[in-house]
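Note sheet for the following structure.
All of the numbers you see were taken from the coordinates with simple rules; none came from a lab. Computed from a predicted structure; not experimentally measured. Cβ coordinates were reconstructed from backbone atoms using ideal geometry, including for glycine residues, and neighbour counts include every protein chain displayed.
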Amino acid sequence: MFILNSKNNDAKHAKTVSVMTFADILKRSGISKRLIGFSLLTLLCLGTTNEVLAQQSTPSLTVPIAIVLEQATQPNSVLTSKLHAQDLAASGAQLGVSDSNTTGRFLNQHFTLTIIQDNNIKGLAQQVADWEQQHQGPIIAVGSDALLSTLLKHNSAQRLIINAGNQSDTWRTNQCQSGLLHTIPSQAMLSDALAQFMVLKRWQKWLLVSSNDPQDQTIAASYKRSAMRFGNKIVGQREWSFTTDLRRMAQQEVPALTQSKDYDVVIVTDAHNQYGFYLPYNTWLPRPVAGTHGLTPVAWHHSIEQWGAVQLQNRFNEFAGREMQNQDYAAWLAVRAIAEAATRSTSNKPEELYQYMMSDKFELAAFKGRKLTFRNFNGQLRQPIPLAQPNALVSQSPQQGFLHPLTDLDTLGYDKPEVKCKMDEV
Amino acid sequence: MKNFLLLSLLLINVAPTFAETAYVSNEKDDTISIIDLDKLEVVETIEVGMRPRGIIFNKDYSHLYICASESDAVQVLEVASNRIIHNLPSGEDPEQFALHKNDRHLYIANEDDAIVTVVDTKLRTVLAQIDVGVEPEGMAISPDGKWAINTTETTNMLHWIDTSSFQLVDNTLVDQRPRHVEFTRDGKQLWASSEIGGTVTVVDVESRNILNTIRFQVKGVHKDRVQPVGIKLTDDGKYAFVALGPSNHVAVVDAQSFEVLDYLLVGRRVWQLAFAKDQSLLLTTNGVSGDVSVIDVNKLDVIKTIRVGRYPWGIAVKP
């Protein structure tokens, strides 16, 4: 197994996993299309398969990367099919390391990945401390505000922490700081992406359905901001307060909840997957549902096939045996950004990698149809936001006509004048 | 007399096939459109394998090789009969390829597998498989036949393969997502497009050093949408034409000074290019609008648009 559950506090036991090459993966997964193809080819083959010669002239460079995963407990009311995969984000990072090592072979560069996971922040901090005694490298974080605070407090100088899981806008507006980057889109980027699409469709009267859960409230606040920003109007708000399992009752209850004279679309903000899925097709008026359910703004979606993405989807499916999700993509991006910076700057020092990523020279191809760069005013990776329904890609924001003096990608999320942090402070 | 009549009838029937033609692969239709270059219209559409992309002719134009990506095959079309006569062992997901000047060795980029497969087209056997970076795409063979160059889209490299040993001997790092490579006629320079980087890199073949990086700026189009893919260089060394993808323009570059001279508006999402009529015409495949634009090379002007199938991708011209 190469997913490590390194709960052991002893640094000697915190194993470093060097991600396998694809040939290894295929061997591991048994018969695959490629192997069949290969056998046929071998039968036909007169010559021999050639191995690549790495350029031994270039000095070798190893970049150790750690991914820190806080495994939050999931509410037991979540539909079984919607539970988070155990290897969420970790598989994305592993694929990123595998992709980067293929490039690294030709440049004598090697990337390693250590997976640190726990449901306890203290335990994670201890394991990170142990890892850092032996390694100096970038850390990818997937977890709560508390996890990010702990990692930042603990690891103050010469650091590079890439957030691939936390969407809170606080980290992009007030608490952004030097050495902290984000590859996962912020909540504001997501709601802005949807709001632009709504303007384009002229679905500008929104009925907002939320609950009193703090995270739902945060998402709802983000939609309120985006509505204002792009000229949409919230015509009504409903609070979801059902505590019973509605499985057989949704057809009766949801129309009553969404009863209103007029709205173009229902915006739902269900962070924990508790009720959002009851809304489509059950609303009082025959209207689409969007937000956390229905039409959703996402970092990534399995239905994306444009811009050469089929190759990435295929690689991930073969590697992980499931579809690529938001946090897998954000973790893959984090590793690819690290590798790109290491390849171009020929450095493995976290602070030098950070400087390169924040410079004008950095750009990343990431299957979204255009190059991605970091916002140097808050460390957020600029990226188009796909809008997807469960089975297909519907659109991708920024929508045409939303202009910005620098790049239309900065019409999504908090822009420079709204950000209050000094990135040069370590 | 009877024989003479028969002969004349035959000649009349055969005559149209002597017109210069362009073959265009339609990625989403699984077809190839044949354009008569005198009439500038589609005269025939042939059904081929799934997701046809790169296409090239052999030396005497008797066969057309077709990368049928989703059929995992390189198909061989007999030009005289317009029929697929057999498949070559290609490796998985062939996307682009190049034919060695020996008219036998086909170098195929296998996009899903991170390998380049070399196939002997006569014996229909695999000669070698060479490990390259992630998502191999563009292929070109130097005019002297010494080098096979492959681009890898996620690794961002040009891989230099020695065709005498089938060994990878060097790599050149270029901008994001290199798509296409093209040698100058004298073999001294290698031009490579980087789709997401938005640049074309010109490499000196002898030293393998980068000579120049060309950038583009299309008026009214955001620079992120300027995405170079196909490249064609005129034999007289005067021009380089670069297809700029979703910016819907073809750039005209001075091949000596590397200066961009002009941008020509063509169809939507322009990808591949081919010369016709002794390089007096340049044809472009426009994926999204489903057509081919015809550019007059002397006037640097678009003179016609020809509707073909859905998502035209590759293009090859038979004189």
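Output ³J(HN,Hα) for the stretch A:256-267: one whole-Hz value per residue in order, computed from phi by the Karplus curve 6.51 cos²θ - 1.76 cosθ + 1.60 with θ = phi - 60°, and x for Gly and Pro.
Karplus values, whole Hz, x for Gly and Pro: 5, 5, 9, 5, 6, 5, 7, 7, 8, 7, 9, 9.
Hey, with R₀ at 25 Å, roughly what FRET efficiency would B:ILE85 and A:GLN306 work out to, going by the Cβ-Cβ distance, to 0.05?
Details: r = 34 Å, r/R0 = 1.36.
Calculated transfer efficiency: 0.15.
In whole Å, what is the distance between the alpha-carbon centres of the stretch A:112-130 and the stretch A:200-218?
Spelled out, the Cα-based centre of one part sits 36 Å from the other.
Count the net charge of all other residues whose Cβ sits under 15 Å from the Cβ of B:PRO319, scoring Lys and Arg as +1 and Asp and Glu as -1.
-3
Relative contact order for the stretch B:70-129: what is it in percent, counting Cα pairs under 8 Å that are at least 6 residues apart?
About 25 percent, as a whole number.
Given Cβ point charges of +1 (Lys, Arg) and -1 (Asp, Glu) and nothing else, what value in debye, to the nearest 20, does the dipole of the stretch A:109-236 about its Cα centre take?
Numbers: 11 positive and 8 negative charges, 155 e Å.
Result for the stretch A:109-236 is approximately 740 debye, rounded to the nearest 20.
Kindly flag which residue pairs out of B:LYS232/B:LYS318; A:LYS153/A:LYS371; B:LYS219/B:LYS304; B:LYS59/B:LYS277; A:LYS201/A:LYS224; B:LYS101/B:LYS188 have an alpha-carbon separation exceeding 28 Å in this structure.
A:LYS153/A:LYS371
At 7 Å along the Cα-to-beta-carbon direction for both A:ARG202 and A:MET228, put a label point, then send me their distance in nm to one decimal.
Each label point is offset 7 Å from its Cα along the Cβ direction, giving 2.7 nm.
In the stretch A:188-297, with Lys and Arg counted as +1 and Asp and Glu as -1 at Cβ, which of these residues, A:LEU190, A:THR296, A:VAL265, has the Cα nearest the positive end of the dipole, that is, farthest along it?
A:VAL265
Rounded to the nearest 0.05, what FRET efficiency is calculated for A:MET249 and A:ARG322 with R0 set to 45 Å and r the Cβ-Cβ distance? Please report the intermediate quantities before stating the final value.
Working: r = 31 Å, r/R0 = 0.70.
About 0.90, to the nearest 0.05.
Could you name the aspartates and glutamates in cross-link range of A:LYS233, using Cα to Cα under 16 Å and dropping any fewer than eight places away on the same chain?
Correct list for A:LYS233: A:ASP192, A:ASP262, A:ASP264.
Place the peptides A:258-264, A:193-199 in order of packing, highest mean first, counting for every residue the other Cβ atoms within 10 Å and averaging per peptide. Spell out each step's value before the answer.
Details: A:258-264: 15.4, A:193-199: 24.7.
Ranking, from highest mean packing down: A:193-199, A:258-264.
Distance from a point 7 Å along Cα→Cβ of A:SER144 to each backbone N in the stretch A:176-217: keep the residues under 13 Å and list them by number.
A:214-215
B:GLN217 to A:VAL394: FRET efficiency via 1/(1 + (r/R0)^6), r the Cβ-Cβ distance, R0 35 Å, to the nearest 0.05?
E(calc), rounded to 0.05, equals 0.65.
What lysines does A:LYS368 reach when the alpha-carbon gap must be under 21 Å and sequence neighbours fewer than 8 apart in one chain are set aside?
Leaving aside lysines fewer than 8 places away in the same chain, those within reach of A:LYS368 are B:LYS28, B:LYS223.
Give me the dipole magnitude in Debye, nearest 20, for the stretch B:2-318 about the Cα centre, with unit charges on the beta carbon: positive for Lys and Arg, negative for Asp and Glu.
Details: 31 positive and 44 negative charges, 150 e Å.
For this selection, approximately 720 debye.
Given an 8 Å cut-off on Cα distances and at least 6 residues of separation, report the relative contact order of the stretch A:188-297 as a percent.
Normalised by residue count, the contact order of the stretch A:188-297 is 31 percent.
If I model a spin label as a point 7 Å beyond the Cα along the Cα-Cβ vector, how far apart are those points for B:ASP254 and B:ASP162 in nm?
3.9 nm
Charges on Cβ only, +1 for Lys and Arg, -1 for Asp and Glu, centred on the Cα centroid of the stretch B:2-318; of B:ILE214, B:ASN150, B:SER81, which one is farthest towards the dipole's positive end?
Checked the options; the winner is B:SER81.
Within 12 Å, Cβ to Cβ, of B:VAL134, how many net charges do the neighbouring residues add up to if Lys/Arg are +1 and Asp/Glu are -1? It would help to have the intermediate numbers written out before the result.
Numbers: positive: A:ARG105, A:ARG315, A:ARG336, B:ARG177; negative: A:ASP99, B:GLU111, B:ASP112, B:ASP113, B:ASP131, B:GLU135, B:GLU137, B:GLU153.
Local net charge: -4.
Fully extended, how many nm does the chain gain between B:THR45 and B:LEU123 (0.36 nm per residue separation, minus their Cα-Cα distance)?
Net length gain for the segment: 25.2 nm.
What does the charge count around B:VAL226 come to, taking other residues whose C-beta lies under 15 Å from its C-beta (Lys +1, Arg +1, Asp -1, Glu -1)?
+4
Roughly what would the spin-label model give for A:ASP415 and B:LYS101, points 7 Å off Cα along C-beta, in nm?
Distance between the two pseudo-spin positions: 5.6 nm.
Is the shape of the protein assembly as shown best called rounded, prolate or oblate, per the rule: a/c under 1.5 gives rounded, else a/b larger than b/c gives prolate, else oblate, with a ≥ b ≥ c the square roots of the Cα gyration tensor eigenvalues?
Cα axes put the protein assembly as shown in the prolate bin.
Cα gyration tensor of the stretch B:2-318, axes a ≥ b ≥ c as square roots of the eigenvalues: rounded (a/c below 1.5), prolate (a/b > b/c) or oblate?
In terms of gyration-tensor shape, oblate.
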